[in-house]
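Below is one structure, written out as structure tokens; the observations come after it.
The values are calculated or read from the model by the stated rules, or taken from the named source; none is laboratory data. Owing to the predicted nature of the structure, the values given are computational and were not obtained by experimental measurement. Reconstructed Cβ throughout: ideal geometry from the backbone, glycine too, with neighbour counts over all protein chains shown. Accessible surface is based on the protein model in full, side chains and every heavy atom, while ligands, DNA and RNA are left aside. Shrake-Rupley method; radii C 1.70, N 1.55, O 1.52, S 1.80 Å.
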Amino acid sequence: MRVTVPFPLSLSDVAEFMSLAAPGLTSDQWDEWCRKRQGWLRLEKGEPLRMTIEEAKRLYEELHRDLTRMHLPRELTERRGPEGNPLLHEPERNPFANVLVKLNKLQLQFHWTARKEKKGSTRGFSFGEERWLIQSWPWTDDKRQAFYFVLGEALRNGSIATLKVCAWLECRKYYVAKDPRQDFCATECRYRFNNLRKAQGGKFREYREARRKQDIIKATRLIKKELSFMNVLSYQQVQKVKVETGLPRKVIDELVKKCHLVRVS
């Protein structure tokens with residue numbers, strides 16, 4: 001039975017599949033995802049074609065190896081031995097070599113359709129007084145070939161550069177970046193990564209100490225500003241200092257004593 005891959009199958013679908021089929025995938029998670037997708041691979045007659053969880057895991061492992069090879073650090077691919085020879089053979093230094101070898105082995109037939117577009121549409125091209133959209137997608141017996149076809153199209157049009165793995169080590173989720181400079185799948189992962197790096201470099205401690213000194217200076221200035229002619233601070237005045245500086249009540253009480261004031265509770 002031949003399998004037709006609907007045209008909407010895109011690089012985002014590959015990223016979504018890779019994120020889901022990562023190690024730790026359970027049968028319930030996979031079944032739920034397949035139900036939501038309503039069969040993103042279909043048979044000739046249009047019935048949804050299910051991929052088993054075992055097939056999904058094997059496909060993930062193969063795609064992950066090839067995609068990881070694309071993202072090897074440049075210093076590794078260009079490293080040379082004592083005699084100046086590259087440590088990696090020339091085909092291995094090509095980040096796309098593994099995928100290209102498999103693409104050249106694909107045996108795909110394409111199904112072509114022509115559809116007349118509605119008036120005002122910007123898709124397709126004008127032909128006489130009408131507008132037509134020509135589409136094609138592969139027909140294959142192998143679900144694996146369908147995914148590699150999408151990678152091949154991404155290589156051809158350059159969008160493969162947007163398929164990335166989140167730089168946050170506790171995430172490592174595949175995603176399609178909106179900006180080539182984007183290294184994280186979400187803002188939360190970027191914050192976690194940067195916070196960890198700052199904490200390891202001791203910058204957090206320095207920042208907290210500097211911020212505390214500034215808060216103490218501000219609190220002292222506010223305390224003196226709230227002085228009454230009897231050198232007395234009310235409970236409401238102390239609370240106002242606490243709210244504006246964020247300092248604990250105990251610290252504010254110590255500052256009041258240093259200013260030789262009396263706090264009225």
Inset, instruction - From (1) of a type in the set (D, E, K, R); (2) open to solvent by 60 Å² or more (accessible area, probe 1.4 Å); (3) modelled with pLDDT of 85 or more; (4) more than 25 Å from the chain's Cα centre (by Cα), pick out the condition that doesn't hold for E44. - result: (3)
Inset, instruction - Give I134, I53 a once-over and let me know the one that is modelled with pLDDT of 85 or more and either over 26 Å from A22 (Cα atoms) or among the polar types (S, T, N, Q) (or both). - result: I134
Legend entry - Of all residues in region 112-144 being under 24 Å from L63 (Cβ atoms) and not charged (D, E, K, R), the one that is surrounded by the fewest Cβ atoms within 10 Å (Cβ to Cβ): S136
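Could you tell me whether Y175 is modelled with pLDDT of 80 or more and outside any helix (DSSP H, G or I)?
Yes; evaluated as a whole, the condition is true for this residue.
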Inset, instruction - Return a yes/no flag: does region 73-84 have any residue that is polar (S, T, N, Q), at pLDDT below 85 and exposed (fewer than 15 other Cβ atoms within 10 Å of the Cβ). - result: no
Inset, instruction - Find the residue count for region 176-220, including only residues that are in contact with a Ser or Thr (Cβ under 7 Å, 6 or more places away or on another chain) and surrounded by 14 or more Cβ atoms within 10 Å (Cβ to Cβ). - result: 5
